[in-house]
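Down below is the structure, laid out as structure tokens.
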Amino acid sequence: ATLAASCEIPVKKAIPFLNKPVDIVPGVANYYATTFVLDGDVVPVLAKVRDGRPIKLEGNEMGFAKGATTQRVQASVLSLYDSARIRFPLEKSADGFKEAPTYESVDKKIATALTAVGSKQIVLLSSTLNSPSVQTVIDEFKAKYPTFKHVTYDAISYSGILQANEASYGKRSIPSYQFDNAKVIVSFGADFLGTWISPVEYAKQFAAGRKIDEKNPTMSRHLQFESMYSMTGASADERYTHKPSELGAVLLALYAKLGGAVTAPVITDKSLTAGIEAAAKELLAAGGNAVVVCGSNDVNAQILVNAINDKIGAN
């Protein structure tokens, strides 16, 4: 009686559709195949949508990830309902930055500024864009304004791999790794089970290579060289540590052990030296069914990794 007298419960009204959309039944969820793309992560997903609102993301069994997702994918739905998210563009004022009242007002200011730009540089800063339609709009904009320049920046960058592959093979691209086909995997700081490039896809492949059955009587071997503890290092058969500054020396030492025409650097750590010898022996014994990966964004380190993979006949 006290609660009823002192507390007012807010009134909530359920208003039905006047003209109900054909594909919406109140309370019944629809599922849409889509793709989660953020900071290098690309995961095919199914979005559970109820009354026009996405409420859950799950992996798409028909995609390359075979129904798997990551924590980032699962948590991404929360950003849609973040009350602190920016609702309008920010514009600079005397007091700093503030929200613009409407998108239309911002469009008018930008159009006015572009009209008076003259020979000044116009720069668009964005993350890497995967949409062909957005790229087409940017190309059309560039054709209209000759001084326009599109600059892309990603917090998580793989430019080292791109530049190294361009230098080694004349093709600026990121390889498509198949860890399930590798009998020996040697990783230098590449957390391919946690954060590196496509961990959802790689985790599935790695698990397949570690499963023993009649067709696959032996599981793959995994050696990890790293400076910090990682999820991938925790799953390795053998894990060796080194200083971040020693990465180049370790790669050179491995290349020399594989028969590369380089002078092997002196490494005083006996455990690390033993790990390099063991890695070289297992890579050679794999007969091409092996792969070496590196998480460094240093171009020279990635070029060395390409040379090592060529040396062992990785295919």
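The values are calculated or read from the model by the stated rules, or taken from the named source; none is laboratory data. Since the structure is predicted, the reported quantities are computational estimates derived from the model, not experimental observations. Here the Cβ positions follow ideal geometry from the backbone for every residue, glycine too, while neighbour counts run over all protein chains shown. The accessibility values were calculated without ligands, DNA or RNA, using every heavy atom of the protein model including side chains. Shrake-Rupley method; radii C 1.70, N 1.55, O 1.52, S 1.80 Å.
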* **Over the chain, relative contact order from alpha-carbon pairs under 8 Å, at least 6 apart, %** => 13 percent
* Structure fact -> Partner aspartates and glutamates whose C-alpha sits under 17 Å from that of residue 215, ignoring same-chain residues fewer than 8 away, are 180
* Asked: Which sequence of 22, 77, 123 reflects their accessible areas, 1.4 Å probe, from the largest down?
  -> 22, 123, 77
* Enumerate the residues in region 112-126 having an amide nitrogen under 13 Å from the point lying 7 Å beyond the Cα of residue 92 toward its Cβ. => 123
* **Helical mean residue ellipticity (222 nm; -39500 (n - 2.57) per DSSP H run of 4+; nearest 500) of the chain** => -10000 deg cm²/dmol
* To do: State the extension gain, in nm to one decimal, for the chain segment bounded by residue 268 and residue 117, taking 0.36 nm per residue of separation less the distance between their alpha-carbons.
  => 48.3 nm
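What FRET efficiency comes out for the pair residue 228/residue 173, r = Cβ-Cβ distance, R0 = 22 Å, nearest 0.05? Provide the component values of the computation, followed by the final result.
Details: r = 28 Å, r/R0 = 1.25.
Efficiency computed from Cβ-Cβ geometry: 0.20.
Tell me whether region 196-314 comes out rounded, prolate or oblate; compute the Cα gyration tensor, take square roots of the eigenvalues as a ≥ b ≥ c, and use a/c under 1.5 as the rounded threshold. Walk me through the intermediate numbers first.
On the way: a/c = 1.66, a/b = 1.42, b/c = 1.17.
It is prolate, given that a/c is not under 1.5 and a/b is the larger ratio.
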* Any chance you could look up the accessible area of residue 150 with a 1.4 Å probe, heavy atoms only, rounded to 10 Å²? => 60 Å²
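Normalised by the number of residues in region 180-243, what is the relative contact order in percent for Cα pairs under 8 Å and 6+ residues apart?
On the way: 96 pairs, mean separation 23.6, N = 64.
After rounding, I find 37 percent.
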* Structure fact -> For residue 25 and residue 126, extending 7 Å from Cα along the Cα-Cβ vector and measuring point to point gives, in nm, a value of 3.9 nm
* **In Hz, Karplus ³J(HN,Hα) per residue of region 105-112 (6.51, -1.76, 1.60; θ = phi - 60°; x = Gly, Pro)** => 5, 5, 4, 5, 5, 5, 4, 5
* Asked: Pulled fully out, how much extra length does the chain show between residue 39 and residue 151, if you take 0.36 nm times their separation in residues and subtract their Cα-Cα distance?
  -> 38.7 nm
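Within the set 211/257; 120/149; 92/144, which residue pairs have Cα atoms separated by over 20 Å?
211/257; 92/144
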* Asked: Expressed as a fraction of 2.2 N^0.38 Å, the rule-of-thumb size for a compact globular protein of N residues, what is the C-alpha radius of gyration of region 83-124?
  -> 1.37
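Report the extension gain between residue 243 and residue 13 in nm, rounded to one decimal, defined as 0.36 nm multiplied by the number of residues separating them, less their alpha carbon distance.
On the way: separation 230, 0.36 × 230 = 82.80 nm, distance 6.25 nm.
The span from residue 243 to residue 13 would gain 76.6 nm if fully extended.
Using r as the Cβ-Cβ distance of residue 134 and residue 82, and R0 as 25 Å, what FRET efficiency do you calculate, to the nearest 0.05? Intermediate values should be presented prior to the final figure.
Numbers: r = 24 Å, r/R0 = 0.94.
Here the calculated transfer efficiency is 0.60.
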* With the dipole of region 198-315 worked out from charges on the C-beta (+1 for Lys and Arg, -1 for Asp and Glu) around the Cα centre, which of 250, 222, 264 lies farthest toward the positive end? -> 222
